[in-house]
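One structure is given here, and the rest of the page talks about it.
The values are calculated or read from the model by the stated rules, or taken from the named source; none is laboratory data. What you are looking at is a predicted structure, and each value in this text was computed from that prediction instead of being measured. Because the Cβ atoms are built from the backbone with ideal geometry, glycine has one as well, and the counts that use them run over all protein chains shown.
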Amino acid sequence: MATPFRDAALLLLGHGSTLNADSSAPTYQHAEEIRRRNIFAEVHVGFWKEEPNFRQALRQCSLKKVYVVPNFISSGYFTEQIIPRELGLDGPITHRDGQDIFYCQPVGLHPSMTEALLRRAIEVVSKSSEEIPDPAKTACLFICGHGTSLNDNSTKIIHEQVTIIRERGLYADCQAVLMEQAPFVKDWRTLTSCPDVIVVPFFISDGLHSFEDIPVLLGLTHNVKEQSFTNPHHEANRRLWYATAIGTEAFVADVILSQVAEFEKEHPGQFSPADGVASEHLFGPLGRLMKNTPSPWMIGELVIRQRQEPDLPLGGNFHLLHRDDLETDAQLLRELSSLEDLRELIRLDRDKNFRPLRAAPNLRSGWLWSSVHLSDVILALDYLYPSALANWKLQQINQLPVTPWKETAERQTGRFRIVREIDGTALGDLVTDVCQAGCLKKRLWPPAAQPVDVPSNEIPLVCPEACNYFVDKAREKLKGPAVD
């Protein structure tokens, strides 16, 4: 994309997971790459199963123009039903609450995905110890997707890619295989007679599906990431190569930008320069706090500290560190050099377990992150406590939407629909076990609302609606352990 969008924000939406730390990684990585290119004034992320959720992620966008790009493979259940409902969209272009929201096509629909699939298939073979001398005579390429009965469009793009690749004649056979619909990936042995088989997961991330579910269905291993597996897999005089998910490729950042460019072409005349911002930027409330109260400032388990130097913004360098390290000599702390380092640190707790809930009181200590720019501090806070500043800003002016549990439960669909049935006693038990014992946020949503009272130098962590982690635990209470 040659033209900068300095008057616009990009909101990149992914699926995420409450069980797997790898699910959201590609969405973050592509957002970070686009942010480095300095094309948009703001770049934010949001997730269905992680923080920030779709609605709270939109609150972080302070500009009038917002481009929303789903980092999803297909146009189906999530892109046609969930995202429009959660963001309040009424079509490709929505004018709401002072913003113009432009809803672009999912990344998986871009034509360049064909070349990406072919490139991934070639790479997985070339990196192995064996080769396929003539794939056009002996090899079958399987494009593996999820499959769902919730929306017929979810598998349409997979079958379209198979048709395109099959017509090129590069492989003796090319087929679609799915996890939850026919043709099933578990039946790969009978679906083709080719002696050489290549399986490329048409997924955004290397999460539970590509690391665990599909390898089990293929009969390879229980967990590709944790257990050894060497391509190719040998079985009954046949060889099978298994690739990584297509959405992890670096070029997807270019696809995201291309989808924005395609949106412009399809909707001419909708892109006059924005006449101002939709709301006050987060610089405002954070800057006022820093001006009116002395350093350090607190939020959750985090400390924002300022080293006084008159020539620097607001008088000094900004340091972010754990509260437990406030009295520790900075020289003894591990210095994080980038937002990527910070993202990696907050993924896991002290016991190296995944932290799906960012406000859980288990943030690792022993580190220091610093910057001279307040904008970097705001980005870092968005990694550490997603949407916390946006929620705080709206709460200060009494404009933060609060969603009662009943409404949150009614929005749940599919296998999570059952949480609508949870009774008051079970809900109270969940609040005690999940919220009070494991989260630093103050609940604003009824029937479990709490008062918010913090010192003048502290930014409150507020919870305007039950999070996806809480919803997962509600389902688990009724049905047993959840899966993503």
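When residues in segment 93-115 are screened for being out of contact with any His (no Cβ under 9 Å at 6 or more places or on another chain), not in a strand (DSSP E or B) and not polar (S, T, N, Q), 10 of them pass. Scanning segment 288-305 turns up at least one residue that is outside any loop (DSSP other than H, G, I, E, B), at pLDDT below 95 and more than 30 Å from residue 435 (Cβ to Cβ). If you check residue 341 against the conditions, is it surrounded by 17 or more Cβ atoms within 10 Å (Cβ to Cβ) and acidic (Asp, Glu)? Against the criterion (surrounded by 17 or more Cβ atoms within 10 Å (Cβ to Cβ) and acidic (Asp, Glu)), residue 341 does not qualify.
Would a scan of segment 54-65 turn up a residue that is among the small types (Gly, Ala, Ser) and touching a His at 6+ places or on another chain (Cβ under 9 Å)? Taking every residue of segment 54-65 in turn, at least one turns out to be among the small types (Gly, Ala, Ser) and touching a His at 6+ places or on another chain (Cβ under 9 Å).
Residues being on the phi < 0 side of the Ramachandran plot, aliphatic (A, V, I, L, M) and in a loop (DSSP other than H, G, I, E, B): count how many of those fall in segment 228-258. So the answer is 3. Residues of segment 172-197 that are aliphatic (A, V, I, L, M) and either out of contact with any Leu (no Cβ under 8 Å at 6 or more places or on another chain) or under 23 Å from residue 109 (Cβ atoms) (or both): 172, 176, 177, 178, 179, 182, 185, 191. Within segment 462-484, the set of residues being assigned to a loop (DSSP other than H, G, I, E, B) and either within 22 Å of residue 407 (Cβ to Cβ) or in contact with a Pro (Cβ under 6 Å, 6 or more places away or on another chain) (or both) comprises 464, 465, 466, 467, 482. Taking the criterion of being of a type in the set (S, T, N, Q) and at pLDDT below 95, the residues of segment 392-407 that qualify are 395, 396, 398, 399.
Condition check ((1) surrounded by 15 or more Cβ atoms within 10 Å (Cβ to Cβ); (2) among the hydrophobic types (A, V, I, L, M, F, W, C); (3) under 17 Å from residue 245 (Cα atoms)) across all residues:
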residue	(1), (2), (3)
58	yes, yes, no
63	yes, yes, no
69	yes, yes, no
72	yes, yes, yes
81	no, no, no
107	yes, yes, yes
113	yes, yes, yes
144	yes, yes, yes
163	no, no, no
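When segment 195-211 is limited to residues that are aromatic (Phe, Trp, Tyr) and in a loop (DSSP other than H, G, I, E, B), the one that is surrounded by the most Cβ atoms within 10 Å (Cβ to Cβ) turns out to be 202.
The residue pairs whose first member lies in segment 117-136 and is over 14 Å from residue 171 (Cβ atoms), whose second member is among the aliphatic types (A, V, I, L, M), and whose beta carbons are closer than 9 Å, counting only pairs six or more residues apart or on different chains, are 123/243; 131/125.
One residue alone among 427, 444, 440, 461 is surrounded by 18 or more Cβ atoms within 10 Å (Cβ to Cβ) and farther than 25 Å from residue 394 by Cβ, and that residue is 427. Within segment 2-10, does at least one residue satisfy the condition of being within 23 Å of residue 264 (Cα to Cα), out of contact with any Pro (no Cβ under 9 Å at 6 or more places or on another chain) and free of Cβ contacts under 8 Å to residues at least 24 places away in the same chain? Yes: segment 2-10 contains one or more residues that are within 23 Å of residue 264 (Cα to Cα), out of contact with any Pro (no Cβ under 9 Å at 6 or more places or on another chain) and free of Cβ contacts under 8 Å to residues at least 24 places away in the same chain. Beta carbons closer than 7 Å, at least 6 apart along the sequence or on distinct chains, pair a first residue in segment 155-176 that is farther than 21 Å from residue 138 by Cβ with a second that is among the aromatic types (Phe, Trp, Tyr) for 158/202.
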